[in-house]
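Report on one structure; see the data block that follows.
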2 protein chains.
Amino acid sequence: MEKEIISQLIVKNDKKIIFLIMDGLGGLPQIPGGPTELEAAQTPNMDRLAAAGTCGLLDPVGYGITPGSGPAHFALFGYDPVTFNVGRGLLGAAGLDFAMAEADLYIRANFATMDKNGRITDRRAGRIPTEKNQELCALLQKKVALPSGRQAFFVTEKEHRALVALRGANLCEEIAETDPQKTGLPALNPAALSSRAEQTSADITDLIKQVNKTLAGEEKANTLLLRGYACYSRFPSFAERYGLNPLAIASYPMYRGIAHLLGMKVATLTNTIEEEIAVLRDNFNAYNFFFVHIKYTDSRGEDGKFAEKVKVIEKVDALLPEIYGLNPDVLIITGDHSTPAVMAGHSWHPVPVLLAAKTCRPDLSANFGERACITGGLGRLPMKNLMAVALAHAGKLQKFGA
Amino acid sequence: MEKEIISQLIVKNDKKIIFLIMDGLGGLPQIPGGPTELEAAQTPNMDRLAAAGTCGLLDPVGYGITPGSGPAHFALFGYDPVTFNVGRGLLGAAGLDFAMAEADLYIRANFATMDKNGRITDRRAGRIPTEKNQELCALLQKKVALPSGRQAFFVTEKEHRALVALRGANLCEEIAETDPQKTGLPALNPAALSSRAEQTSADITDLIKQVNKTLAGEEKANTLLLRGYACYSRFPSFAERYGLNPLAIASYPMYRGIAHLLGMKVATLTNTIEEEIAVLRDNFNAYNFFFVHIKYTDSRGEDGKFAEKVKVIEKVDALLPEIYGLNPDVLIITGDHSTPAVMAGHSWHPVPVLLAAKTCRPDLSANFGERACITGGLGRLPMKNLMAVALAHAGKLQKFGA
C-alpha cells in the first residue's frame, strides 16, 4: 500500500542521495554495559553529522527477526523484504553479471566428489581452484545438450561453486534439491514437486546424467549438486518506482546481484573502501542515487572480532569527509542488519541510522551510536520505510492529497 | 503475516523464557507530575534488571484502545488480539477446567430472580452462595433434556455465575442475549440472529422453559439469564506455533482459561504470589516457557487504591531474586494493560516492559518505570510483537532469507 503511494508522489529532480551501507553495522557490548562496536569506535565525523542531523533505529524485517543480507538490502531500498524474499540462485546469477533473461531458471551448483557406488564423499570437491572450475564449466558448456532443446549455461562462481542456468519456455522452480547435505549418501533425485515442474525435472535429470558422464574421468569434481532453484521475473526497478538513476558500488557478488535485480547500474569491481570512494567521486555527476556497500564491518563481526570491526568503522569515518565533501543532498549512513561480534553472526537487534540533509529536524542524539539513536528524531522504524524518508529530504516526493 | 514468518523460523532448544505478568501494571500519578504506582514503588531488583537489560512500552491492541484482559493476554502471547477476540463464554469454559470439545457452544449464565409476571427483579439472584449454585446445577443437569437430542451441561462458576454448554452438531453462536441488563423488565428471547442459528435458538428457548419449570419453587434463583455465546474451535497452540512446552501459573479462572485455550499446561490452583513462585521453582526443569500471572496489581488498581497497588509491586520486587535465581535465559516483566488507580479501571496507556537476557543491548533506562521506559531500547511496540523478541533472545528463531 505505502509503496504505491510513494510511487504516485515521485517528482524527478537532480538532487543526489547517497546510501553508505556498512554491512552488519549494529552491535552489542563486549562487556556488560560497555560500548557497542559503533560506540567504541572514534568517529568524530559521524558524530558531527549525527549531532547536526537526525538519527534512529531500523528494523530490517520485523521485531525479533534476524535477516539474511538479501532481505535486509531489499528493505533498505524500500522493497518489502517478505514479498521480495528471492531465492539464492537468483541472487547468485545476478551477482555474476550473467546476462539474465525473463523466465530463466537459476540453480546454485556445487562441484562434488562421488565414489563408484554413487555416494557423495565430498560435497565441495576438495574446494577445487577457481581455474579448474572454469575449465570444467567450459567443458560442460560444450558437451551438455538438453533433450527438450532448452539452453543450459554453466557459469563459474568461485572454487567449487557454479551457477547452472536453464533458458526456454515453461521452466518451473518446484524441483527437489539434489544435495544430500551429508557425505556417505547418494545425491537425491531432482524430482518434480508439482505437475507443472515435470518437464523441467526431466531436463535436469538428463542434465545430471550428461554431467556425470562428461566428468567421469575427474578425480575430485566428478558431479554437480543442485539447490536454490529460482525462476527470474523482472523486478520493478529504481527508475520505475522512484524515478532515480542509481549507481551501485559494491565489491561482493550478492550485493552487486541485488543492485542488478533492482535495475541499478553496477560499477566495475573494486577491492578497497578507498577504491569505492574513488568510483563514487568519479561518477558523482552522472547519477542521482548511490549505493555504497562496505562489507568488512560484517565480515569482522561474523569472525567475532570486536576490535577489528571497530577499526573498520573508524576507517570509514576517516574517509567520510571525501564523501560529504561531494555535497550530496541526502547522506544516509546505516547498516543492513546487526552483526554483533560477541554473537559472531547476524542478529535481530535494530540498526542505527543517521540521516544528514539540510531539511533535518534536530534531535537529542549528539553522536552516532546505538544508545544515542534511541533519542533520534527518526524514532524506531521499519527499514523498508527509510527510502521514502530519503526521497522526501531530497525533495523528490510531492504532497499527498489536497 | 508476521506470525507465519515466526512459525517458519522456529528452532527448538532447551532455553527457558519466563513471562512475569503483573496484571494492570501500567499506571498514572496520584498528584500532577508525581510518580506512577510503579515509579513510586521501591523496586531495587527490577531497577537493577532494567539498568542491565532493555526496556520499552507496549501497546496491547492499538493507540488509544483500552483492552480487556482477554485481548491483552492474547497479545502478550503473540496472538493478534483483534483476530483472536474470543467470547467471554469461551474464556469462562476454559477457565473452569471443563472438558471442552470442538464445536461446543458455551454460554455465560447468571442465576436471577423473576417475579410472577416474568419480570427480572434481581439479575444476580441475591448473589446466592456457590454451594446453592452447585445444588441447582446438579438439579438442572438431571432434569433438562434438549428437544434436538443435543447434550446440555450446567457448570457452577461462583456465586450466581454458571456456564451452560451445549454439545452436538451444527450449533451456532448467532443468538440474542437474554439478559435485559435492567431490573423490572422481562428476560429477552434467545432469538436466532441468522438462519443458521434457528435450530440452536429453538433448543435454547426450550432449555429456558425447562429451567424455569425446574426452578419454579426457588425463592431467589428461579431463572437463568444467558449471554456471551461462543462456539469453540481449537486454537493454534504454543507447541504448534513456537515449539514451546509451556506452563501457566495463575490463580484466576480467566487467565487459566486463556492458557488452556493456547495449549499450555496449567498448574494446580495457587492462592498467593509465594505459592506461585514455589510452583515455578518446582517445575522449572520440566518446561521451557513459564507464564506467571499476578492478579493483585490489577485488583488494587480497579479498587482505586494507589498505595496498595504500590505495595503489591514492592512485594513482587522483593520476591524477584527467587525468580531470576533460577537463571532463566529470558525474563520478561510487564503487565497485560494499564490499570491506573486514579482511574479505578483499565486504560489505554502503554505498558512498561523489561527484558533481561544475555543478548540485551544496553539502553538509557536506568530503572523500571513508565518515564524510564520511554528511553528503552525496545522502543514502543505492539504487544503482539513481544513474543518474537523473547524467542529471538532465547535463540529460538533462525535467520530469515539468505
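No value in this document is a laboratory result; all are computed from the given coordinates. Quick caveat, the model's predicted, so the values are computed rather than measured. Cβ placement follows ideal geometry from the backbone for every residue including glycine, while neighbour counts extend to all protein chains displayed.
Computed quantities for the displayed model
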| read-out | value |
| --- | --- |
| Teacher prompt: residue A:10 distances to equivalent labels in other copies, 7 Å Cα→Cβ, nm | 4.1 |
| Cα centre as origin, Lys/Arg/Asp/Glu Cβ charges: the protein assembly as shown dipole, Debye | 940 |
| The range B:6-64 shape via C-alpha gyration tensor axes, a/c threshold 1.5 | oblate |
| At 7 Å out from Cα toward Cβ: residue B:34 inter-copy label distances (nm, ascending) | 4.4 |
| Cα convex hull of the range B:116-199 - mean projected area over all directions, nm² | 6.4 |
| Among B:185, B:28, B:261: highest mean-square fluctuation, GNM of chain B, C-alpha pairs under 10 Å | B:185 |
| Equivalent ellipsoid dimensions for chain A as semi-axes, Å, which come from the Cα gyration tensor, largest first | 42, 24, 18 |
| Average partner coverage of A:65-73, which counts Cβ from other chains inside 10 Å | 5 |
| About the Cα centre, charge dipole magnitude for chain A (Lys/Arg +1, Asp/Glu -1 at Cβ), debye | 480 |
| Expected-Rg normalisation [2.2 N^0.38 Å, Cα atoms] applied to the protein assembly as shown | 1.14 |
| Simple spin-label estimate for residue B:303 and residue B:239 in nanometres, 7 Å along Cα-Cβ | 4.0 |
| Loop trypsin sites (Lys or Arg not before Pro), the range B:230-299, which have at most 12 other Cβ atoms in a 10 Å radius of their Cβ (DSSP) | B:234 |
| Selection from B:169, B:244, B:222, by position along the positive dipole direction of chain B (Cβ) | B:169 |
| Separation in nanometres of the label points that stand 7 Å from Cα toward Cβ, at residue B:31 and residue B:174 | 5.7 |
| For residue B:326, label point 7 Å along C-beta direction: distances to other copies, nm | 5.6 |
| Inter-centroid distance (Cα atoms) of the range A:64-88 relative to the range A:271-333, Å | 21 |
| Gain in span if fully extended, residue A:286 to residue A:52, counting 0.36 nm per residue against the direct Cα distance | 81.4 nm |
| Within straight-line cross-link reach of residue A:399, lysines at Cα separation under 17 Å, skipping those fewer than 8 residues along the same chain | A:3, A:12 |
| Fraction of beta bridges assigned by DSSP in the protein assembly as shown that are antiparallel (%, nearest 5) | 60 |
| For residues of B:382-393, the mean tally of beta carbons on other chains within 10 Å | 3 |
| Helix-only [θ]222 nm of chain B, DSSP H runs n ≥ 4, -39500 (n - 2.57) each, per residue, nearest 500 | -9500 deg cm²/dmol |
| Fraction of beta bridges assigned by DSSP in chain A that are antiparallel (%, nearest 5) | 65 |
| Cα gyration tensor category, rounded, prolate or oblate, for the range B:151-231 with a/c compared to 1.5 | prolate |
| Chain A, relative contact order [Cα under 8 Å, separation at least 6], % | 34 |
| Exercise: per-residue mean of other protein chain Cβ atoms within 10 Å, A:75-84 | 1 |
| Positive dipole terminus of the range A:249-402, leading residue within A:306, A:288, A:345 (C-beta point charges) | A:288 |
| Per-selection metrics, the range B:289-402 (Cα): Rg and Dmax in Å | 15.5, 53 |
| Rg(Cα) / (2.2 N^0.38 Å) computed for the range B:92-231, rounded to two decimals | 0.96 |
| Total charge dipole magnitude, the range B:92-231, about the Cα centre, Cβ charges on Lys, Arg, Asp, Glu only, Debye to nearest 20 | 360 |
